[in-house]
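To start, the structure under review is shown below, and the notes come after it.
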Amino acid sequence: MSAPTLWRSLISVLPRTTPINPIPSFAISSRRWASKVPDNGTSRNTNATGAMSDIADLLATTPRSSRIRSAIPISPLSPRESAEAMVSVPTDLDPSSSGFDLFSLTSAPVQEDDYHLHIYSTKHNTHITFTKPDKGSIVSKSAGNLGFKKSQRGTYDAAYQLAAYVFKAIEDKNVRPKGVEVVLRGFGQGREAVVKALLGQEGKFLRPVVRRVTDGTRLKFGGTRSKKPRRLG
């Protein structure tokens, strides 16, 4: 017996208790689940059944594309335009507008009477130390000394508040340096935050006397074996 003949015989033998329904399969399964009688013999909730039936009808009659368009609003801007709209570069951070000449500051000769502002920024914390020409410490603070705990110590806001605190402490100690050398070390978030504070209103006391800017970040040539990278996920 061929397959079509077998299929016709089975259709003729089986009782047709369920009429042909054009509703998709997921809507039929939702209706069957909604009308299912609980195993404990209690009557089903008619309100829940009606709600599920309404949802099944909605899913059966509403095109999938229109449901997606109504659920997720699409921005008229492209991803690149959206990113450019969110990121804005402030113009008040231009070193030339604050009296800084980067070439002259980085190539200036070392002066023996210069004070030193050491900015050590890591991933987890920021340290600022202001020293005398003989390397004696005047003010030395970190973000943890200001009350920031754990992961907050390495944030941009913590470094900015730390810089403002250190600059105010230097001014309160009545220190009048003729020249200051800024020594940057590390590439944490505090590096940019302290520089911004120095160029802003908080650093108006030290900014006019800055003579030299150097980078003291450690560089390894060969050396010992590095720590293995972390595997997250």
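Residues in region 215-227: is at least one farther than 18 Å from H116 by Cα, open to solvent by 20 Å² or more (accessible area, probe 1.4 Å) and either hydrophobic (A, V, I, L, M, F, W, C) or outside any loop (DSSP other than H, G, I, E, B) (or both)?
Looking through region 215-227, at least one residue is farther than 18 Å from H116 by Cα, open to solvent by 20 Å² or more (accessible area, probe 1.4 Å) and either hydrophobic (A, V, I, L, M, F, W, C) or outside any loop (DSSP other than H, G, I, E, B) (or both).
Of all residues in region 165-187, which are farther than 16 Å from T131 by Cβ and surrounded by 16 or more Cβ atoms within 10 Å (Cβ to Cβ)?
Y165, G186
Name every residue in region 150-174 that is over 30 Å from the mean Cα position of the chain (by Cα) and at negative phi, in order of residue number.
Those that are over 30 Å from the mean Cα position of the chain (by Cα) and at negative phi: K168, A169, I170, E171, D172, K173.
Residues in region 128-145: is at least one β-branched (V, I, T), closer than 19 Å to Q189 by Cα and assigned to a loop (DSSP other than H, G, I, E, B)?
Checked against the condition, which is being β-branched (V, I, T), closer than 19 Å to Q189 by Cα and assigned to a loop (DSSP other than H, G, I, E, B), region 128-145 yields no hits at all.
Go through region 146-191 and give me each residue that's charged (D, E, K, R) and free of Cβ contacts under 8 Å to residues at least 60 places away in the same chain.
K149, K150, R153, D157, K168, E171, D172, K173, R176, listed by residue number.
Please determine, by comparing only the residues of region 188-214 that are at pLDDT 95 or above and open to solvent by 80 Å² or more (accessible area, probe 1.4 Å), which one is farthest from A164 (Cα to Cα).
My answer is Q189.
Here's a check for you: in region 132-163, which residue that is among the aliphatic types (A, V, I, L, M) and open to solvent by 30 Å² or more (accessible area, probe 1.4 Å) is farthest from P109 (Cα to Cα)?
L146
The values are calculated or read from the model by the stated rules, or taken from the named source; none is laboratory data. Just so you know, these numbers come straight off a predicted model, no measurement behind them. Cβ atoms come from the backbone with ideal geometry, glycine included; neighbour counts cover every protein chain shown. SASA here: full protein model, heavy atoms, side chains in, ligands and nucleic acids out. Shrake-Rupley method; radii C 1.70, N 1.55, O 1.52, S 1.80 Å.
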